[in-house]
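Right, one structure below, let's go through it.
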Amino acid sequence: MSLVTVVAGSRAHRALRWGTIAAGTAVALAVPFNSSPSLNGDLTLVLCYAVAAAGLGMLVGYAGQVSLGHGAFFAVGAYTAAALLAKTDLHWLLALPAAAAVTFALGLAFGIPALRLRGIYLALVTLALAVAAGPVLKRAEPVTGGVSGLSVPQPPVPGWLAVDADQWLYLLSLAVTGVMLLIAVNLTRGSLGRSLLAIRDGERAARTAGIDVARVKTLLFATAGAYAGVGGALFAFALGFVAPESFTLLLSFTLLSAVVVGGLGTVAGAVLGALFVVFVPQYAGEVDQALTGIIYGGALIAVVYLLPGGAAGLLRRLRRRLIDVVEPTPQRGDNDAVPTSDTAPVGGQPAAGGVRP
Amino acid sequence: MRFGGVTALSGVSFGVRPGEVCGLIGPNGAGKTTLFDCVSRLTRPQEGTITYAGQDLLALPTHRVAALGVARTFQHLGLVPSLSVRDNVMLGAQHGSRAGFAASALRLPFVRAGERALRARADAVLERLELTRVAARPAAGLPYGTLKRIELARALAAEPTLLLLDEPASGLAHGEVDELAGLIETVRGDATVVLVEHHMGMVMRLSDTVVVLDFGKVIATGTPAEVREDPAVLAAYLGTAA
């Protein structure tokens, strides 16, 4: 049924994987030079949300913890970067780790009590965080500029790079997003990735396997916070301005819908989900200004119903149509009661090591 | 090793000598699984002590127990359905992993090396239990007998010095039970085994010592032959089971 069959881990398989990554990178690098400044601005926004959604995706998709307060971390990251750049002479590059550190610390402080909670209770407590963020930003005027917000000096285009400001902001965000996604991929594979899934799907097994569940949950919560913080800092760079109305309660839900639409338990899904939450409302607005919410909501429902596993799941199924990845044939010890590879998971079933719930 | 005064159990006290196979039997509800949960620290007894290799288990957080060499299987399976069979087995083996958040994020060389070593260890256990063919499959959806074997593989991959087996033979076909017994024979010597099992033939064949629980109390301890003749056991256990 597939056009090509490759053996997992073989040279061809690796070449395919690296080829896909290289092609994706090439496209991402070429886009800003073939589009308009306003589209570049939107794509930069997509990258900001993608970073935040990648962090939230680890929390929701891998460890099964739902946070409705991720917008608050995004806001704190944006304001940390904004305040540092507006009020000190700090180099803009250092604003990124600073935003990550502040939101990581906030995530730790919040995660330690929150880890006693699960499911709907954690969701509610994080919701409180999101609700509180707006009023706090408005009140803390000396730092945040209150209702009128803060102007942020944007990272200047380096002299050695002959690109426009919008292209530079996009490329800068792309580089940061690339690093953050790579880290997310690393965190969700290997021992730690297994630990996260075990915590989600089999906490007893996790605990008897020697996993310090409380510690992993707390650190993951803080890490997800730091991702939102970095996304927020990029957002401040991109807009050159932060104000409370950019960080309403809706932002938290936007990030969560980006995770779900993109596909739970995949890192690449964060980018696809971010594309959705930025562009679908825009196009909906072009169709009919009054119906934006309805069209967006309808699209959201359609994706959830029609695409189990989100956009990333769809891509995976399409890929499987073209390329079939099979396990290397075992040499020995294969007299088993289980039917052979013809029944390998297809369609909606998770692939080996797959992580869709 | 000594258990003593456990909650759903009361005044239970017995020791298991290193390297022996100890059969733990008793009617349903006798407290066998609760006792395992106490040893693997999934529940905390209100009083009493549990000592293993000179270490007070009740003074340890749950996640430290695995590092002492204690591994267990669950009667109703403790597998992670979304992970592949191999990953489930690797999960059992990874308790010594030093791959924390920072090291994993950067995928440092020792993280990669650790992952390769874990994989080799898991693959060896998978081959030993004839699970190589299903290694890459998700654990969800495999036949029950295979899942039981994966459960055992997960515990064995930890290279335990104390192996707690909670009804490993339940749901297995006749031939599979014999295979399982043979396998436990091969583990003997590397690990101390505590075996909770209703399959009497297997318990009597494998055990050096048999401890009989009923209503949370030890009603008999001894060699399989002694226990089989014990009038209290015949009345309480075999009487109700047969």
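Just a few scattered comments:
- Residue count, region B:75-100 (criterion: surrounded by fewer than 24 Cβ atoms within 10 Å (Cβ to Cβ) and more than 7 Å from every other protein chain (Cβ to nearest Cβ)): 6
- Taking region A:90-196 and the helices (runs of 4 or more DSSP H) fully enclosed by it, the elements with 3 or more residues that are surrounded by fewer than 20 Cβ atoms within 10 Å (Cβ to Cβ), out of contact with any Ser or Thr (no Cβ under 8 Å at 6 or more places or on another chain) and small (G, A, S) are at A:92-114.
- Residues within region A:270-288 that are out of contact with any Phe, Trp or Tyr (no Cβ under 7 Å at 6 or more places or on another chain) and at pLDDT 90 or above, tallied: 7
- Flag if A:T218 is closer than 20 Å to B:A99 by Cβ, assigned to a helix (DSSP H, G or I) and out of contact with any Ser or Thr (no Cβ under 7 Å at 6 or more places or on another chain): yes
- From B:T51, B:T73, residue being more than 30 Å from B:L131 (Cβ to Cβ) and among the polar types (S, T, N, Q): B:T51
- Failed condition for A:A236, given (1) hydrophobic (A, V, I, L, M, F, W, C); (2) free of Cβ contacts under 8 Å to residues at least 24 places away in the same chain; (3) part of a helix (DSSP H, G or I): (2)
- Some residue of region A:231-238 being within 13 Å of chain B (Cβ to nearest Cβ), crowded, with 21+ Cβ neighbours inside 10 Å and under 24 Å from A:L129 (Cα atoms): no
- Qualifying residue in region B:144-167 (condition: of a type outside the set (F, W, Y), within 7 Å of chain A (Cβ to nearest Cβ) and not in a helix (DSSP H, G or I)): no
- Qualifying residue in region B:131-147 (condition: surrounded by fewer than 19 Cβ atoms within 10 Å (Cβ to Cβ), within 15 Å of A:S195 (Cα to Cα) and touching a residue at least 12 places away in the same chain (Cβ under 8 Å)): no
- Picking from residues in region A:9-30 that are surrounded by 12 or more Cβ atoms within 10 Å (Cβ to Cβ) and touching a residue at least 60 places away in the same chain (Cβ under 8 Å), the one that is farthest from A:I183 (Cα to Cα) is A:S10.
- Number of residues in region A:8-36 that are touching a strand residue (DSSP E or B) at 6+ places or on another chain (Cβ under 6 Å) and more than 14 Å from chain B (Cβ to nearest Cβ): the value is 1.
- Among the residues listed as A:R207, A:R200, the single one being in a helix (DSSP H, G or I) and over 20 Å from the mean Cα position of the chain (by Cα): A:R207
- Helices (runs of 4 or more DSSP H) enclosed by region B:1-119 - at least 3 residues per element that are farther than 20 Å from A:S195 by Cα: B:32-39
- Lone qualifier among A:L85, A:L45, A:L68 - being under 21 Å from the mean Cα position of the chain (by Cα), of a type outside the set (S, T, N, Q), surrounded by 13 or more Cβ atoms within 10 Å (Cβ to Cβ) and in a helix (DSSP H, G or I): A:L45
- Among the residues making up region B:163-185, those that are within 21 Å of B:L35 (Cβ to Cβ) and either out of contact with any Leu (no Cβ under 8 Å at 6 or more places or on another chain) or free of Cβ contacts under 8 Å to residues at least 24 places away in the same chain (or both) are B:L164, B:D166, B:E167, B:S170.
- For B:A71: the one exception among (1) in contact (Cβ under 8 Å) with a residue 40 or more places away in the chain; (2) over 14 Å from the mean Cα position of the chain (by Cα): (2)
- Residue in region B:1-9 that is free of Cβ contacts under 8 Å to residues at least 24 places away in the same chain and crowded, with 17+ Cβ neighbours inside 10 Å present: no
The values are calculated or read from the model by the stated rules, or taken from the named source; none is laboratory data. The model shown is predicted, which means the values in this text are computed figures rather than measured ones. A quick note on method: Cβ atoms are made from the backbone with ideal geometry, for glycine too, and the neighbour counts reach across all protein chains shown.
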